[in-house]
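Notes for the one structure printed next.
Derivation of every value follows stated rules applied to the coordinates shown; laboratory data play no part. A quick note: this is a predicted structure, and the numbers were derived from the prediction, not measured. Cβ placement follows ideal geometry from the backbone for every residue including glycine, while neighbour counts extend to all protein chains displayed.
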Amino acid sequence: MQKIRRFYRTIFAGALGVFCFTSPAFAQNASTNSSAEQARQTTEQTVPAFQQQSLPLGVNTNQLATSTPGNLDLGIQAILKRKEAEQPYRFFADVADFYTNNVASVSTGKQSDAFVFMDLGFTYNPKLNKEWSLETTIRQGFFEYNHFTTLDFQDFNLGGGLTYQSQKIWNIAFFSRYNFERFTKGNLSQDFFRNNTLTVGAQKTFVFDSNKYLYVGYSSVFGWAVPYDSERDEHGIYGGVHYNFTPKVYCEIYDRADCFAYNIGRTDFNNTVVATVGYVFNDHARITASFTYVTDRSNQSVYDYGALTTGGGVALQLKF
């Protein structure tokens, strides 16, 4: 019963968060910076694993989920021609269960835990013409831990961007996107992390046939965050392979190498590997299972860490 009550309290808090994200209040305490870093790292390890087929071009893993497939700064089928009628509106809701061997993303004293990831939101993703497409998304995410419940947090995102599919420059996709993100711990009047980001980049996709394709790309993410110590810019290259075993069963392997440049003189080199297997029931539901491994090496060794996250869940959507 306690778990059920916590679930409904979280859903209610998330709904209110949509209307309260611009609140000027900010929770200040000695652990704010570490809490922000831990929460950000959790989203980066979790969202790509579950939403590997759901992120638009130019988007970070922790920002949102939309109808355009791809992971991190990807957008595979934004590039592939779709024969069906355009359905630019999408409501979505996702639930997944994960296990991590490094719940706090630390270099020593690792502890494991299981947690539930839930999100819900809405996306508008129209194709403006043959080369330009628009995407806007609002999303509320929830992270609920099994043992370390003090780490529970909510993740609100609101953003949008443009993609230009150049037909003259080797069919390369160029993208840009703005996103606002806000972390809270139940009290919607007090957030412990706020971040405004501008993402720019380019991606090339090589389509072999209807069952497989390969993609490579580059993106830079410029951030303006509170607290200041968590503010950073991100510059990375990525690549991946997608394969459809059948019309309903697919897999994808993805790797991204990043440089995180913090304003406080800290520089991290981060690598994320994601392997996902999914089963598509129909246009409205699918299940996924995933494995993610992240390594981070910093010029300040206290921030070094490695973390394995694995799990799976159900994704629901309504497109029109």
Dipole of segment 262-320, positive direction: furthest Cα of 289, 303, 273, with charges on the beta-carbon = 289
Between residue 101 and residues 5 or more places away or on another chain, which pairs have amide H atoms under 5 Å apart, with H built 1.01 Å from N, and which residues are they?
-> 308
What list of ³J(HN,Hα) couplings, whole Hz, do you get for segment 130-136 from phi and the Karplus terms 6.51, -1.76, 1.60, once you set θ to phi - 60° and write x for glycine and proline?
-> 5, 10, 10, 9, 10, 9, 9
Listing 316, 188 from the residue with the fewest other Cβ atoms within 10 Å to the one with the most, what is the order?
-> 316, 188
Taking amide hydrogens as modeled 1.01 Å from N in the peptide plane, which residues meet the under 5 Å criterion relative to residue 286, leaving out close sequence neighbours?
-> 281, 315
Note, residue 304: beta-carbon cut-off 10 Å, +1 each Lys/Arg, -1 each Asp/Glu, net -1
Under the Karplus relation 6.51 cos²θ - 1.76 cosθ + 1.60, θ = phi - 60°, what is the ordered set of whole-Hz ³J(HN,Hα) values for segment 307-320, x standing for Gly and Pro?
-> 8, 10, 10, 9, x, x, x, 10, 10, 10, 8, 9, 10, 7
Residue order, fewest to most beta carbons within 10 Å, for 273, 302 = 302, 273
Taking only the alpha carbons of segment 166-286, what extent do you get along each of the three principal axes, in Å, biggest first?
-> 47, 38, 26
By the Cα gyration tensor axes a ≥ b ≥ c (a/c under 1.5 gives rounded; else a/b larger than b/c gives prolate, otherwise oblate), the shape of segment 134-193 is prolate
Built amide H within the under 5 Å cut-off of residue 172, gap 5+ = 166
Once phi is turned into ³J(HN,Hα) by the Karplus curve 6.51 cos²θ - 1.76 cosθ + 1.60 with θ = phi - 60°, what whole-Hz value does each residue of segment 210-224 show in order, with x for glycine and proline?
-> 5, 9, 8, 8, 10, 9, 9, x, 9, 8, 10, 10, 9, x, 10
In what order do 172, 264 fall by count of nearby beta-carbon atoms within 10 Å, going from fewest to most?
-> 264, 172
